Structure formats: structure tokens, C-alpha cells
Amino acid sequence: MKLSSMMELINQTVGDAMSDLLMVEAILMDEKMSLVDWDSQYTDLPNKLMKVKVCVILSTVVYTFNSGS
């Protein structure tokens, strides 16, 4: 029940930061955790950004190279 209610509050398409923040706060309250408790469990992992070369042949079709798929 709680999870289905959360899905209605968060806009998954847009990724609204305010609703995400409020949802985190609600979850922390439900789990009886503080921000310090939550932060102690969080481990920042490195991300890997890469450039993808794009060659546009037609104005409506985009071909990519080295896209990983």
C-alpha cells in the first residue's frame, strides 16, 4: 500500500527534485532514521561519462557510432 501511494506522488518522467526530496523525508520518517543515519549508509560511487560520436545523415534520422549496443 505504501509503495503504490509513493508511485502516485513521484513524477517518474520529469524527475521533480522537490517531490523526490519529500519522498526521501517520508521514507526516513517511516524508517525512523535521521539524515545522519542515512548519510552514514550512503557510499558515493564514481560514474563513467563518455562521449558518443554522432553523425547526422538526414535531418530526421540520427546514426550513432560506439554507442555500446
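The values are calculated or read from the model by the stated rules, or taken from the named source; none is laboratory data. What you are looking at is a predicted structure, and each value in this text was computed from that prediction instead of being measured. We work out accessible area using only protein heavy atoms, side chains counted, and drop any ligands, DNA or RNA first. Shrake-Rupley method; radii C 1.70, N 1.55, O 1.52, S 1.80 Å.
Name the single residue that is most open to solvent (accessible area, probe 1.4 Å) among those in region 17-36 being of a type in the set (Val, Ile, Thr) and under 15 Å from Lys2 (Cα atoms). Even if it seems obvious, please write down each step before you answer.
In the first step, residues of region 17-36 are kept if they are of a type in the set (Val, Ile, Thr); the result is 24, 27, 36.
When the remaining residues are screened for being under 15 Å from Lys2 (Cα atoms), the result is 24, 27.
Working: Val24: 47, Ile27: 72 Å².
Of everything passing the filter in region 17-36, Ile27 is most open to solvent (accessible area, probe 1.4 Å).
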Quick check: is even one residue across region 2-13 open to solvent by 100 Å² or more (accessible area, probe 1.4 Å), modelled with pLDDT of 80 or more and polar (S, T, N, Q)? no
